Amino acid sequence: MNRRRRVSYSVMEGKINKQMCLSSYIKVPLPSGELEELIEKAQDWAIMHGLSIRENTNLRKDSMQFAPFALLPSAFPRLQFQDACQIQTVLNGLIHKVAHDYEFLRETLAPTISVDPFTRKLFDIYQTVYKEGFTQKLSLGLFRSDFMLNTVCGNYNYDESQEKELDRKSEEKEEEMKAAVEGETGECYDPELRKTKSFCCWKQVEINTIASGMGWLGTVATKFHKFVLHELGMKNLIEYLPENNAIEGLCCGMLEAWRMYNDPRAVILFVVEEFSTNISDQRGHEFEIKRLNPDVKVVRRTLKQLTIQAKLSSKKELILNDSTVVAVVYYRYGYSPEHYTEQEWKVRLLIERSLAIKSPSIQYHLAGTKKVQQALAKSGVVEKFFQDEKNVERVRNIFTGLYSLDFDENGNRAFDMAVRNPERFVLKPQREGGGNNIYGSDIKKFLITIKNSQERNAWILMDRIYPPSQLNYAITVKDSTSNNILKELTPEVGIFGVIIGDDKNNIFVNKQAGHLFRTKKADSNEGGLMAGAAVCDSPFLI
Ligand code: ADP
Ligand code: MG
Ligand code: MG
């Protein structure tokens with residue numbers, strides 16, 4: 001059963017739903033004739049402007065379709081959004097420090113690598129280059145920290161009189177908004193109401209350090225929703241959409257690394273799959289690099305192609321086809337065990353040993369594992385990496401409960417807790433790309449099967465986050481004309497971060513760079529965009 005709907009949280013959720021509802025600003029459902037026309041126009045806009053993906057049937061490379069999208073932007077509390085943007089450079093710095101703490105990574109990952117061959121392979125590569133000494137001391141991080149609002153916050157105190165007042169204000173606001181939308185007044189923003197949003201806290205879901213894609217789709221989604229609001233005759237609402245410079249920020253990061261490599265002939269290598277459905281996002285990065293600096297060449301290779309084409313020169317440069325020097329390696333692939341055979345593992349090691357600047361370096365990759373996330377949430381651990389108490393507190397505040405299931409006192413306690421109350425948790429392996437987690441009663445069934453097995457070490461347990469939902473139109477290729485497109489959706493926000501630093505903790509670049517906003521059906525556990533479970537969206541800050 002989906003706990004979001006349980007009575008114990010319904011009062012709180014009801015309030016949040018009401019306050020977060022976009023219908024205070026835009027009345028849904030939209031009138032039916034207007035709706036169909038707008039959807040059709042929006043689909044064409046999406047395809048023409050690169051809010052698009054490649055069709056994955058028949059593996060044809062000449063056929064594009066629009067990426068799934070939310071027709072309207074989704075309301076989101078401004079304060080939490082700004083807070084998440086501001087903390088990104090702190091998180092970048094934390095990952096950098098963790099990645100360069102060999103003992104921490106070794107100790108943290110030891111239980112996992114004893115049972116998970118994928119993490120072990122990554123760690124073996126790390127250990128090899130660590131012991132040899134990093135040929136390239138610089139790492140390029142193109143990270144994405146994902147978070148969701150949580151309606152089940154410990155620090156929320158329910159106060160009936162305050163709630164009544166909020167109710168009254170919301171209703172007043174709704175009237176005001178309607179008037180504003182109809183163009184009768186220009187003002188549709190109330191700082192008082194905004195303050196009330198702050199009781200809904202936000203929690204980090206994870207931080208991605210490899211193949212953190214969607215910088216292009218996120219940026220285009222913002223333009224898309226500006227277009228839609230304009231079409232609806234609501235251009236006064238466009239200022240509620242925060243600027244999104246994700247694609248430029250990420251590509252500037254790659255170009256800065258390229259510049260630091262200091263060889264004008266050298267190229268940027270994208271490591272990709274053979275057939276990329278997410279091609280607009282990948283090419284979006286490539287073409288943005290070209291736009292920013294037309295002299296820099298980007299080449300795309302699969303790991304398999306690299307097993308034949310990649311070599312090291314005597315100076316340990318990464319060379320393709322005996323002549324092309326690679327300055328920067330950007331992985332959009334290689335984050336999952338099925339991406340590798342022994343040959344691909346060899347080439348990953350070869351790249352790691354090279355002078356090319358990797359995004360991510362093997363140590364950045366490992367620092368983004370869920371096991372590391374869980375270890376960082378243990379008391380006293382973040383403190384190890386930051387002197388500044390303020391930063392420690394800010395980072396701790398965004399962690400939700402994370403637990404190991406190892407065979408020790410804490411692990412056993414977490415294990416029992418999850419079996420007793422599985423709907424309170426999410427069970428996660430050391431994998432990326434969505435679709436790997438276990439939820440609800442499946443957690444109990446699964447845990448019982450591994451109770452006495454070392455496999456427990458491969459998983460971590462996390463408190464389940466219960467985000468508030470709101471109505472919006474979810475438009476997918478399968479579902480764009482039916483009557484069933486107005487749905488309760490919940491958002492997940494990704495904030496991009498760019499960092500370049502070396503093994504002595506010198507940081508040369510540390511920036512926040514735009515965002516990705518996805519919404520998924522409120523009753524679905526996961527929301528992979530490419531898996532069709534989520535839609536591209538934009539935050540409408542209230
Ligand atoms: P991946 O690296 O595969 O993307 P995530 O940790 O992001 O793994 O989990 C995938 C999805 O599962 C998330 O996008 C989110 O929708 C859902 N999810 C993950 N952790 C939680 C959580 N603690 N509470 C609720 N949903 C979660
Ligand atoms: Mg991930
Ligand atoms: Mg994720």
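Those residues that are open to solvent by 40 Å² or more (accessible area, probe 1.4 Å) and either of a type in the set (Ser, Thr, Tyr) or within 16 Å of ligand 1 (Cβ to nearest atom) (or both), I need them from segment 454-467; list them, please. The answer is 464, and nothing else. The set of residues from segment 522-531 being open to solvent by less than 50 Å² (accessible area, probe 1.4 Å) and among the small types (Gly, Ala, Ser) comprises 522, 524, 527, 528.
Of all the residues in segment 240-271, those that are of a type in the set (A, V, I, L, M, F, W, C) and in contact with a Lys or Arg (Cβ under 7 Å, 6 or more places away or on another chain) number 5.
Annotation: of all residues in segment 442-473 being part of a loop (DSSP other than H, G, I, E, B) and in contact (Cβ under 8 Å) with a residue 40 or more places away in the chain, the one that is nearest to residue 484 (Cα to Cα) is 469.
The residues of segment 382-397 that are in a helix (DSSP H, G or I) and surrounded by fewer than 17 Cβ atoms within 10 Å (Cβ to Cβ), listed by number, are 383, 384, 389, 390, 393, 396, 397. Looking for something in contact with a Pro (Cβ under 8 Å, 6 or more places away or on another chain) and within 16 Å of ligand 2 (Cβ to nearest atom) - is there at least one such residue anywhere in segment 413-426? So far as segment 413-426 goes, no, none of its residues is in contact with a Pro (Cβ under 8 Å, 6 or more places away or on another chain) and within 16 Å of ligand 2 (Cβ to nearest atom). Could you tell me which residue of segment 403-437 is nearest to residue 115 (Cα to Cα), considering only residues that are open to solvent by 20 Å² or more (accessible area, probe 1.4 Å) and within 16 Å of ligand 3 (Cβ to nearest atom)? Looking at the filtered set, the residue picked out is 431. Select from segment 468-494 the residues that are within 16 Å of ligand 1 (Cβ to nearest atom), touching an Asp or Glu at 6+ places or on another chain (Cβ under 8 Å) and either under 19 Å from residue 330 (Cβ atoms) or open to solvent by 10 Å² or more (accessible area, probe 1.4 Å) (or both) and list them in ascending order. Residues satisfying the conditions are 488, 492, 494. Screening 447, 402 for residues that are within 12 Å of ligand 1 (Cβ to nearest atom) and modelled with pLDDT of 95 or more leaves exactly one candidate, 402. Exactly one of these conditions fails for residue 380: (1) away from ligand 1 (no atom under 16 Å from the Cβ); (2) at negative phi. Give me its number. The single condition residue 380 does not satisfy is (2). All conditions in (1) at pLDDT 90 or above; (2) touching a helix residue (DSSP H, G or I) at 6+ places or on another chain (Cβ under 8 Å) hold for residue 92, with the sole exception of (2). Screening the candidates 257, 211 for the property of being more than 16 Å from residue 38 (Cβ to Cβ) and within 16 Å of ligand 2 (Cβ to nearest atom) yields one hit, 211. For segment 256-299, filtering for residues that are surrounded by fewer than 16 Cβ atoms within 10 Å (Cβ to Cβ), within 19 Å of residue 50 (Cα to Cα) and charged (D, E, K, R) leaves 2.
Can you tell which of 497, 440, 514 is open to solvent by less than 40 Å² (accessible area, probe 1.4 Å) and within 16 Å of ligand 2 (Cβ to nearest atom)?
497
Would you be able to say whether some residue in segment 476-485 is over 30 Å from residue 385 (Cα atoms) and among the basic types (Lys, Arg)? Taking every residue of segment 476-485 in turn, at least one turns out to be over 30 Å from residue 385 (Cα atoms) and among the basic types (Lys, Arg).
When 134, 69 are checked against the criterion of being of a type in the set (A, V, I, L, M, F, W, C) and either open to solvent by less than 10 Å² (accessible area, probe 1.4 Å) or more than 27 Å from residue 341 (Cα to Cα) (or both), a single residue qualifies: 69.
Restricting to helices (runs of 4 or more DSSP H) lying wholly in segment 32-139: which have 2 or more residues that are more than 26 Å from the chain's Cα centre (by Cα)?
32-49, 102-113, 117-132
Pairs are defined by a Cβ separation below 6 Å, a sequence spacing of at least 6 or placement on different chains, a first member in segment 379-407 that is of a type in the set (Asp, Glu), and a second member that is modelled with pLDDT of 95 or more; the pairs so defined are 383/392; 406/111; 406/457.
The values are calculated or read from the model by the stated rules, or taken from the named source; none is laboratory data. Worth saying up front: this structure is predicted, and the values here are computed from it rather than measured. Note that we place each Cβ from the backbone using ideal geometry, even for glycine, and neighbour counts take in every protein chain shown. When the accessible area is computed, the model is the full protein with side chains, heavy atoms only, and any ligands, DNA or RNA have been set aside. Shrake-Rupley method; radii C 1.70, N 1.55, O 1.52, S 1.80 Å.
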